[in-house]
Amino acid sequence: QVQLVESGGGLVQAGGSLRLSCAASGSMLSMNTMGWYRQAPGKQRELVAVITSGTSTNYADSVKGRFTLSRADARNTVYLQMNSLKAEDTATYYCNAVHLGAFGLRYDYWGQGTQVTVSS
C-alpha cells in the first residue's frame, strides 16, 4: 500500500551536485527510519545514508562530508543532498523506509530507484 516516490536523479558532471527526494505516500503510517541505498551494475547494494526517528544520521564512509541526509517536517519525506559527486557515485539509488509496528514487526518499503550518473 505504501509507495515511496523518488525524484532528483539524473546525469551530472564530476564535481557537481544533485538533490534526491523521497516521499512516502498511500499510508498514514509514520516511518521510524528512512534512508538511501545504492547499487551499481555488478556491485552489491550498499547503504548510503540513513536517518532515524529522531534526527541522528549515519553515512557510508565513502560519502561522508559530501552527502547530507535530512528529514522534512513531514516525517515521511527525506532529502539527500549530494555534493562533489564522483564517477564512483554512479548507481541506482533506492529510497528505503522502515516502520516498526506492534509485536516488534518490521515493515520495509522501497522506492523503484532513481538513476544517478556522474560523468568524468
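Extension gain, Arg106-Asn58: 0.36 nm per intervening residue step, less the Cα-Cα distance, totals 15.3 nm. If you wrap the tightest convex hull around every Cα atom of the chain and split its volume per residue, you get 105 Å³. The residues of the chain expose, per residue, 55 Å² of accessible area to a 1.4 Å probe. Using the Cβ-Cβ distance between Ser30 and Ser120 with R0 set to 35 Å, the FRET efficiency from 1/(1 + (r/R0)^6) comes to roughly 0.30. Taking each residue as 0.36 nm, the span from Val98 to Glu46 lengthens on full extension beyond its C-alpha to C-alpha distance by 17.1 nm. Using a 1.4 angstrom probe on heavy atoms only, work out the carbon and sulfur share of the accessible area of region 1-80 in %. Here it works out to 47 percent. Val116 sits among other residues whose Cβ lies under 15 Å from its own Cβ, and their net charge, with Lys and Arg +1 and Asp and Glu -1, is +2.
The values are calculated or read from the model by the stated rules, or taken from the named source; none is laboratory data. Worth saying up front: this structure is predicted, and the values here are computed from it rather than measured. Ideal geometry is used to build each Cβ from the backbone, glycine not excepted, and the neighbour counts take in all protein chains shown. When the accessible area is computed, the model is the full protein with side chains, heavy atoms only, and any ligands, DNA or RNA have been set aside. Shrake-Rupley method; radii C 1.70, N 1.55, O 1.52, S 1.80 Å.
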